[in-house]
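Report on the structure given below.
The values are calculated or read from the model by the stated rules, or taken from the named source; none is laboratory data. Note that the structure is predicted; figures quoted are calculated from it, not measured. The area values use the complete protein model at the heavy-atom level, side chains included, leaving out ligands, DNA and RNA. Shrake-Rupley method; radii C 1.70, N 1.55, O 1.52, S 1.80 Å.
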Amino acid sequence: MAQNYNDLEIFHLSYNFVVRLYPFLNKFPESENKNLVLQMKRSSVSIPMNIAEGSSRRTTREFLSFLSYSLGSGKELEVSLKLSYDLGFLDK
């Protein structure tokens, strides 16, 4: 089942999102560096990393498990971004 994660569009989309997100996170108040910012960094980075790790697995079932982890991290990031917006740390 193993395939190259570089062939997966979702890997590139999620990777590029992380690269574009980090500059915004650096503008957050310093008081959020150990809270919301750290959580968003972890969840955003987790998405492409799980896709890459899952792509190396031998079975489709294992790969789907890692995609599921990525989806969970995406939802976590979604809520974090909504909180950031509602708390005034991000604008549209």
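For the residues Tyr85, Tyr5, a 1.4 Å probe over the protein chains yields an accessible-area ranking, largest first, of Tyr85, Tyr5.
Rolling a 1.4 Å probe over the protein chains gives Glu53 an accessible area of about 80 Å². Binning all Cα-Cα separations of the range 17-74 at 5 Å, short to long from zero, yields these whole-percent fractions: 4, 20, 23, 18, 13, 10, 7, 4, 1.
Gain on full extension, evaluated as 0.36 nm per residue between Leu21 and Leu87 minus their Cα-Cα distance, stands at 22.0 nm. Can you give the angle from 0 to 90° between the axis of helix 9-25 and the longest principal axis of the chain, with both taken from C-alpha atoms, to the nearest 10? Roughly 20 degrees, rounded to the nearest 10. The separation of the range 1-43 from the range 48-92, counted between C-alpha centres, amounts to 9 Å.
For the chain, adding -39500 (n - 2.57) for each run of n ≥ 4 DSSP H residues and dividing by the number of residues yields -24000 deg cm²/dmol at 222 nm.
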